[in-house]
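Quick notes on the structure that follows.
Read the figures in this text as sums done on the coordinates, not as results from a lab. These figures come from a predicted structure and were not determined experimentally. So basically every Cβ, Gly included, is an ideal-geometry build from the backbone, and we count neighbours across all protein chains shown.
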Amino acid sequence: MTKWHGDRPLEVLTLGLQGEIFALEAAYVREILDLVPITEVPDSRPFVNGLINVRGKVVPLADLRLKFGLEQTAATIDTRIVVLEVVYQGSPAIIGIRADKVYEIIEIPASALEETPRIGMRWRPDYILCIGKQGEGFIAIMNIERILADNDGCEVSANRPFQQQSAA
């Protein structure tokens, strides 16, 4: 289980899921899209049950609300798809996640990052990389690797996003 241990600031993308604010490491984010047509996949697992077209590539679409026990809701004008680049079984992979709203990329100083409490969390502690203090509030930074690896149609096998190498 990956946990945040570092002395450097963490750059995160903040997003909304059914009124809750979460964040994920910005290093995973490839692009943010307006809602696009989703092709549902019959008999697929609920967490990853759709496919989208991203610049001519077929990309699986995950709904994180299901992982956090939140209610599925209809799309709104603010709904976005965050396209992530991860390592899946040793190879680069692209996956989209649906967000009810995308806010901004922020940098949280290392001194404002704390280990996820094991008690009193509304969400599974292993789904939260760490807790960031922001002003008087807190923000749960998702452990996207763990969430995707939880046997619901996608597994991430490395600690960091795939870094594309430029051809020389």
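Here are the numbers for this structure:
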item	result
Residues with amide H under 5 Å from that of residue 130, placed H, sequence gap 5 or more	141
Sparse-neighbourhood loop sites, GluC sites (Glu not before Pro) in the range 70-131 - DSSP loop, at most 15 other Cβ within 10 angstrom	71, 115
Cβ-based net charge around residue 108, under 10 Å, with every Lys or Arg adding one and every Asp or Glu removing one	-1
Net dipole in debye of the range 10-148 [+1 Lys, Arg Cβ; -1 Asp, Glu Cβ; about Cα centre; nearest 20]	320 debye
Low-density loop cleavage sites - trypsin sites (Lys or Arg not before Pro) in the range 8-90, where at most 11 other Cβ are within 10 Å (DSSP)	55
Residue 50 long-range amide H proximity, modeled H, under 5 Å	41, 61
From phi via Karplus (6.51, -1.76, 1.60), per-residue ³J(HN,Hα) for the range 40-49 in Hz, x at Gly/Pro	6, 9, x, 6, 8, 6, x, 5, 10, 10
Residues with amide H under 5 Å from that of residue 68, placed H, sequence gap 5 or more	none
Gyration tensor (Cα) of the range 10-148, equivalent ellipsoid semi-axes in angstrom	25, 16, 15
